[in-house]
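The values are calculated or read from the model by the stated rules, or taken from the named source; none is laboratory data. Please read these numbers as outputs of a predicted model, since none were measured by experiment. Heads up, the Cβs are rebuilt from the backbone with ideal geometry, glycines too, and the neighbour counts pull from every protein chain shown.
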Amino acid sequence: MVLTGDVDRKAWGKRFQDIGVELLWGKEGMLETSGGGSQDLVVNALVGAVGLEATLRAIEAGISVALANKEVLVMAGDLVTGQAQRRGVSLLPIDSEHSAVFQCLQGETPDTIKNILLTASGGPFFRRDAADLDRVTVADALAHPNWSMGKKVTIDSATLMNKALEVIEARWLFGIEPHRIKVIIHPQSIIHSMVEFVDGSIKAQLGVPDMRIPISYALNYPQRWTGKCHTMDFSQSWELSFLPPDTEKFPALRLAYDVLNMGGTAPAVLNAADEVAVGLFLSECIGFPQISKIVEEVIRRHDVISSPGLEDILTADRWARDVIDKDILSKSRI
């Protein structure tokens with residue numbers, strides 16, 4: 001067990017010692033846990049950039065990784081997938097959308113894929129007028145219609161930044177060009193994603209919105225274990241609707257394709273800027289529309305490093321956070 005933050009080490013250490021669990025601390029403890037021992041699989045369910053080095057440590061140790069921390073591939077997709085290939089380890093997706101694509105691709109070959117179709121619930125505001133978004137409160141944005149998630153992911157879902165990050169993640173998980181990754185608004189969250197093939201057929205993975213299903217698939221892959229989740233009752237009426245995303249009202253999605261085209265350190269900068277901007281919104285320092293505006297401004301200012309190493313990526317991450325704190329906010333440009 002690893003604990004981070006400002007905690008009473010002596011008290012917590014005693015608690016875990018009494019139940020026979022070794023307790024480690026901070027970043028070094030996390031890295032040691034990720035890359036040491038005899039584990040078969042590391043599950044990375046951290047939120048944000050903090051998960052990158054832990055994932056790389058596991059890969060270096062020859063351990064496969066089940067990823068619920070999409071920021072890892074957003075920040076360093078080329079680096080992480082390259083190292084995984086060299087070490088011969090698997091990256092197994094836990095996000096429901098990427099798990100759906102992964103399941104649809106079983107038994108298929110890359111040359112048969114035409115498009116990947118990522119579905120998005122649209123969050124709580126996809127039917128709201130753009131002019132009303134200035135009045136969105138934190139409580140409004142945290143009221144997701146379908147999923148129960150942490151605050152950061154829920155706000156990202158409301159801005160569609162969560163889907164933007166998933167587009168970038170899909171590009172690296174499945175080795176497919178960005179223009180062949182499409183996003184579709186599907187408010188019911190029943191179809192978790194689809195793959196369109198060159199012969200015109202489409203495979204879709206369906207199920208109730210319950211994260212236990214993709215988690216179980218990743219943990220037990222290539223087997224399927226019996227689950228205890230609710231299932232769809234097809235004797236009842238089900239409505240499945242689809243709409244195109246509005247990238248004018250939700251510019252975060254457009255930014256995903258922008259940074260993929262820019263390449264290099266640009267996606268890491270998008271990710272870092274979003275983490276800071278979401279934190280500012282949650283603390284009620286900025287309004288809802290300013291989240292994406294801040295991210296776009298930081299990207300505009302960044303000088304991209306085209307073939308970055310790990311230290312370049314971490315430096316870009318720190319730069320993005322600093323430029324918001326020291327320049328953008330202080331000058332009230334957004």
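Descriptive notes on the structure:
- Matching residues, region 208-230, being more than 16 Å from residue 193 (Cα to Cα), surrounded by fewer than 17 Cβ atoms within 10 Å (Cβ to Cβ) and either out of contact with any helix residue (DSSP H, G or I) (no Cβ under 7 Å at 6 or more places or on another chain) or at pLDDT 90 or above (or both): 212, 219, 220, 222, 223, 224, 225, 226, 228, 230
- Just one residue in the set 198, 136 is surrounded by 16 or more Cβ atoms within 10 Å (Cβ to Cβ) and either at pLDDT 95 or above or not small (Gly, Ala, Ser) (or both); that residue is 136.
- The one condition in (1) touching a helix residue (DSSP H, G or I) at 6+ places or on another chain (Cβ under 7 Å); (2) touching a residue at least 60 places away in the same chain (Cβ under 8 Å) that residue 142 fails to fulfil: (2)
- Residues of region 233-253 that are of a type in the set (A, V, I, L, M, F, W, C), assigned to a loop (DSSP other than H, G, I, E, B) and in contact with a strand residue (DSSP E or B) (Cβ under 9 Å, 6 or more places away or on another chain): 240, 242.
Matching residues to (1) outside any helix (DSSP H, G or I); (2) modelled with pLDDT of 95 or more; (3) out of contact with any helix residue (DSSP H, G or I) (no Cβ under 8 Å at 6 or more places or on another chain); (4) of a type in the set (A, V, I, L, M):
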| residue | (1), (2), (3), (4) |
| --- | --- |
| 276 | no, yes, no, yes |
| 297 | no, yes, no, no |
| 305 | yes, yes, no, yes |
| 316 | no, yes, no, yes |
| 321 | no, yes, no, no |
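- The sole residue among 34, 38 that is closer than 25 Å to residue 217 by Cα, loosely packed, with under 11 Cβ neighbours inside 10 Å and not basic (Lys, Arg) is 38.
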